[in-house]
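Here, each number is a calculation from the coordinates, and none is a lab measurement. Computed from a predicted model, the values in this text were never measured in an experiment. For neighbour counting, all protein chains shown are included, and Cβ atoms are generated from backbone atoms with ideal geometry for every residue, glycine included.
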Amino acid sequence: MTDDEIICKALTILSKRIRQVELLDSSQTVRDYCKLNIATREHEVFGCLFLNNTHHLIAFEELFFGTIDGAAVYPREVVKRALFHNASALIFCHNHPSGVTEPSRADMAITEKLIKACSTVSIRVLDHIVVTCGECTSMAERGLMEVSYA
């Protein structure tokens, strides 16, 4: 098997496991899923996990693509996709091709804008995960967001 075939198989297995989980009460599986999907990209990719009201995964989408050090993210488009999926909650993720998982000021600013935009239509933002090949940083776990998985 090639590396790409192994990664594809791993994504399929992880995706099935996430859909079978009754409640996403831990971010480890989510971090692994995000890492497998976007960590190795050479440019920034902003993705979103769309969840129902019991935090089952409805869908994962890569919404925005950027350059090596940034991607434009539009709250209106995020809300449109969330409404399309009839999502009750969201988890954002994006990669840092630089290998540094520390959220930037821009990351924190867009997260705040997204939380406000989503709250206007009663959609909760549970986390924003910064991904690299080596590790992931959960903004919720770092106390950079006022959220909970409960």
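Summary table below
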read-out: Considering only segment 3-138, percent of DSSP beta bridges that pair antiparallel, nearest 5; value: 70
read-out: Virtual spin-label span in nm between Arg76 and Asn52, 7 Å along Cα→Cβ; value: 3.1
read-out: Residue order, fewest to most beta carbons within 10 Å, for Leu51, Leu57; value: Leu57, Leu51
read-out: Residue order, fewest to most beta carbons within 10 Å, for Asp107, Asp3, Asp127; value: Asp3, Asp107, Asp127
read-out: Three-way shape label, segment 3-138, alpha-carbon gyration tensor, a/c 1.5; value: oblate
read-out: Interchain or long-range residues, amide H under 5 Å from Val125's placed H; value: Leu90
read-out: Likely footprinting exposure, Glu42, Glu141, fewest C-beta neighbours within 10 Å first; value: Glu42, Glu141
